Amino acid sequence: MRLIDRTRAEALANLWLAGPATVAMLVLIFIPVSIVALLSFTDYQFGARSFNWVGFDNYLILIKDPQARRAITNTIVYAAIVIPLSILFGLLVALGLHSVMRYAPRLSAVLRAAYFLPVAATLVAMAVVWQMLLHPNLGLVNHLLAAADIRGPAWLSDRGLVLYTLAVIGIWQTVGYNMVLFLAGLAAIPEHLYDAAEIDGANRGWERFWTVTWPMLGPTTLFVVVVTATGAFRVFETVATLTRGGPAFASDVLVYAIYREGFVYFKAGYSSAITMVFFVFVLLFTLAKFRLMESRVHYR
Amino acid sequence: MNSRNLIGRAIVLALLFLGAMLVLTPFFWMLSLSFKSQAEIFSPTISLFPDQLQWDNYRAAFERTTLLRFLVNGLVVCGGILFFQILFALPCAYALAQRRFRGRSLIFGLVLAGLLVPFHVTAIPIFLGLAELRLLNTYGALILPFVASVFGIFLFRQAISAMPVELFEAARIDGLSEGAIAWRIALPLAMPAATAFAIFSVVAHWNDLFWPLIAISDPALAPPPRGILYFRDEESGTDVGPLMAAAVVIVAPMVVAFLLAQRRFIQGLAVGGLKG
């Protein structure tokens, strides 16, 4: 009798401890994901009483319609610019700060804070500031260009330019984050490896970099690549604040398309299909990240 | 120390300063504009610094918009989310880390799988659910979707797993209930993880625009990023000074918090990279 009471009490304790979170996970994550997957095969509209199954129609529109496809191609172009450049700049800044740390640690810390500031700052508010910086007539950027006798373009309303402008803002926001990951990676490289390299004749800075630093940073770099990629594919705040995907879909991206089709035009079914495409991209990167974590390759 | 080394250092420092200046330009320009008068902002010649420091734009930002309300909303939403996230995550993490029971590995599997799902993916069904419950346009709509943080469970579980089993055995012998053990023993010891998670969570939700854009249409409920867009869309390009003052006020809490607690802040956000 007592034994039964105890096992019952134990089971009840487990239920109280883990039950609420488990239910919340199911209701807020797993059931919604299944519903989105199902909705992506329907023509459901928010507020409608019924819907029809349309098979892969939503996906076909997304792939075939040149305008709809721009959300996918723009996101890939954006990511293809932001990923390598923000990683390259993040690495260069980290290498610089790491070397400055040896003889001027305070200065290095101040500079690190400066580079990290965009990561901490509210992106939407900073995007409003970028809008003023890039304003065609009043903006600081075009004023400075005018001083050099260059006619500054309309950075955010030129179809050919807008995506690159957004990418620059994306890089500005990401460099600091990548920098701190690289700094952690650099701090973990044991000093004696450099001594050994020197004995082997690697005296110059770049020789030390290629024989020791770069190989030892390999795991960090892989991790940074994946984190930056997931971040770049989620670009939304700057697009929603500055361009709303325009002009003429020139800066449409996946997450913005999810928002617009679903919550402005109420096409829940179609928006679900865009969501699934976005999900597959992010899933690939996150799975890659988990693989890296398993092989003990991560920050710290 | 030879001269070649010195020149190398000088070049590195010069480049680092140049880069930092570029990175800080938007912050500088935001501050500069927020102190300039309307006439100065729209004058054909441009000056880097304001003629004189005047606070009119800040006064206007607070008087003409509900800026204070936006900040309070941000506080309520971030605080509410963090409170419920820890309330749900900590006991579950404790059970996963220090107790043996059927379904444990299944639940941990759910946590890991949940890490793969970005919030955006769940937005449409959650919107439908909230509409069904008539909760859209409430604080609840801004808080409820985020209460199940798999990332929080994951972090807390890692921290509590590293604690010695004997500690919890002793507490049980002393007659503490399992709930009391989770809250009074595991939580204080898991404070570093809790701090990192709190920073990650508050920064993410203070800065979020996607969900507030969807879940609310009432400006009185808008968190700061949504709020500043209401302001910008209303003012139609003439109130640049007050708009920049509002941006300063919205950016300030996170930036000040970061400058005061840089190590913890960077750690919290870097840990966030583990999330999908």
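Just so it is clear, none of the values below were taken in a lab; they were calculated from the coordinates. Keep in mind that this is a model prediction, so the values were computed, not measured. Cβ sites come from the backbone with ideal geometry, for glycine too, and all protein chains shown count toward neighbours.
A few points about this structure:
- Here region B:16-58 yields Rg over Rh of 1.05, to two decimals, using C-alpha coordinates and the Kirkwood radius.
- Summed side-chain charge close to residue A:215 - residues other than residue A:215 whose Cβ falls under 13 Å, Lys, Arg +1, Asp, Glu -1: 0
- Lys/Arg +1, Asp/Glu -1 at C-beta; region B:61-274 dipole; positive extreme among B:142, B:158, B:171: B:171
- Here the translational diffusion coefficient of region A:58-294 follows from Stokes-Einstein with Rh set to the Kirkwood radius across Cα pairs; for 37 °C and 0.692 mPa s it amounts to 165 µm²/s.
- For region B:122-184 versus region A:64-80, the spacing of their alpha-carbon centroids is 38 Å.
- C-alpha long axis of helix B:262-271 to longest principal axis of chain B, angle in °: 60 degrees
- A simple charge model with +1 on the Cβ of Lys and Arg, -1 on the Cβ of Asp and Glu and nothing else charged puts the dipole of region B:174-276 at about 460 debye relative to its Cα centre.
- As a proxy for reagent exposure, ranking A:228, B:122 by other Cβ atoms within 10 Å from fewest up yields B:122, A:228.
- The overall shape of chain B, judged from the alpha-carbon gyration tensor, is oblate: a/c is not under 1.5, and a/b is no greater than b/c.
- Farthest toward positive dipole pole in chain B [+1 Lys/Arg, -1 Asp/Glu at C-beta], among B:127, B:270, B:241: B:270
- Selection from B:118, B:73, B:180 lying farthest towards where the dipole of region B:43-185 points positive, charges on Cβ: B:180
- Charges were assigned to the Cβ only: +1 to each Lys and Arg, -1 to each Asp and Glu. The resulting dipole of region B:28-170 about its Cα centre is roughly 560 debye.
- Annotation note: trypsin sites (Lys or Arg not before Pro) in region A:106-187 located in DSSP loop regions with a Cβ neighbour count of at most 10 within 10 Å are A:151.
- With an a/c value of 1.5 or above and a/b not larger than b/c for the gyration tensor axes a ≥ b ≥ c computed over the alpha-carbon atoms, the protein assembly as shown is described as oblate.
- Region A:205-223 and region A:234-271 have Cα centres spaced 39 Å apart.
- Taken about its Cα centre, chain A carries a charge dipole of about 440 debye when Lys and Arg each add +1 at the Cβ and Asp and Glu each add -1 at the Cβ.
- Residue A:42 long-range amide H proximity, modeled H, under 5 Å: A:54
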